[in-house]
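Remarks on the structure that follows.
The values are calculated or read from the model by the stated rules, or taken from the named source; none is laboratory data. Quick caveat: nothing in here was measured; it's all calculated off a predicted structure. Virtual Cβ from ideal backbone geometry, glycine too; neighbours counted across all protein chains shown.
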Amino acid sequence: MATATTLVDAAPAERPTAELERRARAQTRVRWELLTQLVRKDLKVKYQNSTLGFAWSLLNPLFLLAVYSVIFGVILGSGVPKFPVYLMSGLLAWNVFGGAASLGAVSVTGNSGLVKKVRFPMLVLPLSAVGFALVHFVLQLGVFIVVLLAFRVHFWGLQLLMFPLALVLITVWSSAFAVLVAALNVRYRDTEHLLELLMFAWFWGSGAIFASGLIATKTHSSTWTRVFFADPPAAALALMHRAFYPSATATTGPGGRGPGGSTVLPDPGYAWYVEQWGVALVASLVLLWFARRLFQRRQAHFAEEL
Amino acid sequence: MTDEAPVISAYDVSKRFVTKRRETSLKESAVRRGLRRGPRIEKDDFWALRGISLEIGRGQTVGLIGHNGSGKSTLLKTLAGILQPDSGSAHIIGRVASLLELGAGFNAELSGRDNVYLNAALLGLSRQETDDLFDSIVEFSELGDRIDDPVKVYSSGMYVKLGFAVAVHVDPDVLLIDEVLAVGDEAFQEKCLARIKGFQEAGKTILFVSHALDIVRSLCDRAIVLDHGRMVYDGDSDHAVRLLRGLLGVAELPETMAEAIKAEVVPLAIEDIEVAATPGGERLYAFGQGDPLAIRVHLDVQMDEQVWGGGDVTVVVMTGESTPLWVMSGGGEAHVRPEVGPWIVDFVVPVMPPVRGPFTVAVSVRDSASDRVLVARQFENALAAPGDIAEGWVYVPYEASVAQGIRT
């Protein structure tokens, strides 16, 4: 074809060294194009052969939502009014982290064909796991909005400003964590299994299931409350709750067997959330810096260790 | 062009592979650290590359040849930046397209089309660039409608065609090719070779590994010969190919061979040796202690005094582990004059020394003027002396006595 011939004829002997350096960098730096291609690859591989396709990725969390709502909302009695709304707003953020962590852990080990045969910026592998989780986040957000409308929740308002903050925080944190576990799992293959245990405990401790206002009520200490919500996933979940939960001042009802008389949310205002967001974001950025450094140092050996 | 920075450069690159892996689980690692044992086991290392230095300038096509396991692919991967050298440094400037293996980087589940986009993105292209090239890639690959089939149903030939099509379309500055052309039908190979020639004319830099020595000779002016991870020759491809063909007959390449090859001129060949009791006598293998031993070396001198001034023959009798037992270097008597034709050099040992075991005989010829090794060859298990080498290579008479008591 004519295009190809022209390209070959463009003699690179005349390409200045600076241009060659630039073209070399295009192969060693993380580029948006490469990131999106890898996310597309993962999505296609996962869904192209399943008949339900994307619907699966939505049914799965909805099913989880239904089970948790019945167990904690009805049987055990969390006492949280409109519990499914509370639960799902938190789960949305948690799923980004959970998905990015579990996929991120195997992102390098599972792509050994690429790592061993092609020179490319390997950092895109854990980042594409985050991208994959974010795609599902967007889809689940759509479902969530339908749920909100079904519960006749009035969610339009100033509190929605908490949502982009939550999204930024959980994305940065998930990226940092995915990069870290991806590098660790190459060296220590049981990282992915230990990670499952860690994520299990983390999930229950992040305030996804119980009213996070309980932390302040139980500890009687605003300092400890702040420490608890310095945990980036917990902070992101709190921000999501504040953004979507219909009442900032709701208290857990006495009807359930759960503890009554506590606020559902840790704080009714906005300032507290923004402050916690700042603290958690700094923590995330510190981890990101550290994880990236570890990854860059280790990646030279990935091809051999796989 | 000469004052430009080389496109591919390596400085004193060594690469070691550790076959016994360090502990790979966090649990195990924690336990070991707790026990304060040595953290790593580093037995069974082997050096895949040792002290390789090279520079390849723009527009050169260089062949990389050597027998299996000589380190060719490791060198290519190290240059490509996939493997990290243990010491030294390797660097390439420009866009690198590497064809290290059939369909490297292809995902079996995805269609050919998706894989083209993924591969192009890995090679540093933007989506727009790939869109523009896509039709041409498909045409070159000869896949037609099958481009939309998942690549797991492709034949190996189709894999190569698609991989090669992508690699040549991304407008690389440097092309690294590892023996992939061997697959695929002849017509396609022709097409690939034509494409490579087109690259040469366009002034691109190509480094390729091949066992097809004739292709190396026709495509490259320069070739690099690797042997056991060392670079033994870098220069004229005709000469490199001749050297490798000569080497392939030799099981083990001794250290001195590297020097021989660097001399570039090989004016004679070591044809054979004969081991007997007397020079020219009936061939023997086993020799008892005190027996006479004669080693006859057959040489074929191929060049006359215009090229060289004659050489001195050395014979080394070694253990199976290549430890020299004794050296016979002639001292002037074993001098071969630069006269074309067959030569015979005899070494006579009147009394076989008190040794045991199978022995290797290494023969080398040094240039009399420069003292450089011109040619060397080993003959494994060429002769033996009966006895169990578990008792040592040498018979030593001794007496032992026993007494009860304390040390004084």
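Please determine whether any residue of the stretch B:89-98 is more than 9 Å from chain A (Cβ to nearest Cβ), of a type outside the set (G, A, S) and either part of a helix (DSSP H, G or I) or buried (at least 23 other Cβ atoms within 10 Å of the Cβ) (or both). No, the stretch B:89-98 contains no residue that is more than 9 Å from chain A (Cβ to nearest Cβ), of a type outside the set (G, A, S) and either part of a helix (DSSP H, G or I) or buried (at least 23 other Cβ atoms within 10 Å of the Cβ) (or both).
With respect to the conditions (1) within 11 Å of chain A (Cβ to nearest Cβ); (2) part of a strand (DSSP E or B), B:G51 lacks only one, and its number is (1). In the stretch A:191-214, the residue that is nearest to the other protein chains (Cβ to nearest Cβ) out of those that are among the aliphatic types (A, V, I, L, M) and farther than 17 Å from A:A93 by Cβ is A:L194.
When restricted to residues that are more than 7 Å from chain A (Cβ to nearest Cβ) and either under 28 Å from A:A18 (Cβ atoms) or at pLDDT 85 or above (or both), the stretch B:107-122 contains 7. B:R37 passes every criterion in (1) at pLDDT below 75; (2) surrounded by 12 or more Cβ atoms within 10 Å (Cβ to Cβ) apart from (2). Whether a residue is of a type in the set (A, V, I, L, M, F, W, C), under 21 Å from B:S73 (Cβ atoms), crowded, with 21+ Cβ neighbours inside 10 Å and modelled with pLDDT of 85 or more was assessed, and B:A240 does not pass this test. Condition check for A:F302 on (1) within 25 Å of A:N111 (Cβ to Cβ); (2) under 23 Å from the mean Cα position of the chain (by Cα); (3) surrounded by 21 or more Cβ atoms within 10 Å (Cβ to Cβ): one failure, at (2). So is A:V45 over 19 Å from the mean Cα position of the chain (by Cα), of a type in the set (V, I, T) and within 23 Å of A:V138 (Cβ to Cβ) or not? Yes: the conditions hold for A:V45.
With respect to the conditions (1) of a type outside the set (S, T, Y); (2) part of a helix (DSSP H, G or I); (3) at pLDDT 80 or above, A:L58 lacks only one, and its number is (3).
Say we look at the stretch B:125-144 and pick out the residues that are in a loop (DSSP other than H, G, I, E, B) and not polar (S, T, N, Q); which of these is nearest to the other protein chains (Cβ to nearest Cβ)? Per the criteria, the residue is B:L125.
Condition check ((1) out of contact with any strand residue (DSSP E or B) (no Cβ under 8 Å at 6 or more places or on another chain); (2) buried (at least 20 other Cβ atoms within 10 Å of the Cβ); (3) on the phi > 0 side of the Ramachandran plot; (4) free of Cβ contacts under 8 Å to residues at least 24 places away in the same chain) across all residues:
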{"position": "B:R283", "(1), (2), (3), (4)": "no, no, no, yes"}
{"position": "B:G309", "(1), (2), (3), (4)": "no, no, no, no"}
{"position": "B:I344", "(1), (2), (3), (4)": "no, no, no, no"}
{"position": "B:S364", "(1), (2), (3), (4)": "no, yes, no, no"}
{"position": "B:A385", "(1), (2), (3), (4)": "no, yes, no, no"}
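Taken over the stretch A:106-117, the criterion of being touching a residue at least 40 places away in the same chain (Cβ under 8 Å) and either away from chain B (no Cβ under 12 Å) or charged (D, E, K, R) (or both) is satisfied by A:V106, A:S107, A:V108, A:K116.
In the stretch A:116-130, the residue that is farthest from the chain's Cα centre (by Cα) out of those that are outside any loop (DSSP other than H, G, I, E, B) and crowded, with 20+ Cβ neighbours inside 10 Å is A:K117. In this structure, A:L34 qualifies as within 9 Å of another protein chain (Cβ to nearest Cβ), assigned to a helix (DSSP H, G or I) and either within 29 Å of A:L239 (Cβ to Cβ) or touching a residue at least 12 places away in the same chain (Cβ under 8 Å) (or both). Select from the stretch A:61-77 the residues that are at pLDDT 85 or above and over 14 Å from A:M88 (Cα atoms) and list them in ascending order. Within the stretch A:61-77, A:I71 is the sole residue that qualifies. How about the stretch A:42-59: which of its residues are touching a residue at least 12 places away in the same chain (Cβ under 8 Å) and either under 22 Å from A:K117 (Cα atoms) or facing chain B (nearest Cβ under 7 Å) (or both)? The one that is touching a residue at least 12 places away in the same chain (Cβ under 8 Å) and either under 22 Å from A:K117 (Cα atoms) or facing chain B (nearest Cβ under 7 Å) (or both): A:D42. Note on the stretch A:211-255: among residues that are under 20 Å from the mean Cα position of the chain (by Cα) and surrounded by fewer than 21 Cβ atoms within 10 Å (Cβ to Cβ), the one that is farthest from A:A178 (Cα to Cα) is A:A230.
Yes/no matrix, rows are residues, columns are (1) at pLDDT below 85; (2) in contact with a Gly (Cβ under 9 Å, 6 or more places away or on another chain); (3) surrounded by 15 or more Cβ atoms within 10 Å (Cβ to Cβ):
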residue	(1), (2), (3)
B:G331	yes, no, no
B:F347	no, yes, yes
B:P350	no, no, no
B:R356	no, yes, yes
B:V361	no, no, yes
B:V402	no, no, no
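Of everything listed in (1) within 12 Å of another protein chain (Cβ to nearest Cβ); (2) in contact with a helix residue (DSSP H, G or I) (Cβ under 7 Å, 6 or more places away or on another chain); (3) within 16 Å of B:V209 (Cβ to Cβ), the single unmet condition for B:A80 is (2).
When B:G235 is tested against (1) closer than 30 Å to B:I93 by Cα; (2) among the small types (G, A, S); (3) buried (at least 21 other Cβ atoms within 10 Å of the Cβ); (4) at pLDDT below 85, just one condition goes unmet, and that condition is (3).
Residues are listed down the side, and each one gets a yes or a no for (1) more than 28 Å from B:G57 (Cβ to Cβ); (2) surrounded by fewer than 24 Cβ atoms within 10 Å (Cβ to Cβ); (3) among the acidic types (D, E); (4) in contact with a Pro (Cβ under 9 Å, 6 or more places away or on another chain):
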| site | (1), (2), (3), (4) |
| --- | --- |
| B:F134 | yes, yes, no, no |
| B:I137 | yes, no, no, no |
| B:Y154 | yes, yes, no, no |
| B:D178 | no, yes, yes, no |
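For the stretch B:162-199, taking the residues that are under 28 Å from the mean Cα position of the chain (by Cα), part of a helix (DSSP H, G or I) and charged (D, E, K, R), the one that is modelled with the lowest pLDDT is identified as B:E186.
In the condition set (1) small (G, A, S); (2) within 11 Å of another protein chain (Cβ to nearest Cβ); (3) crowded, with 24+ Cβ neighbours inside 10 Å, A:A133 is compliant with all but (2).
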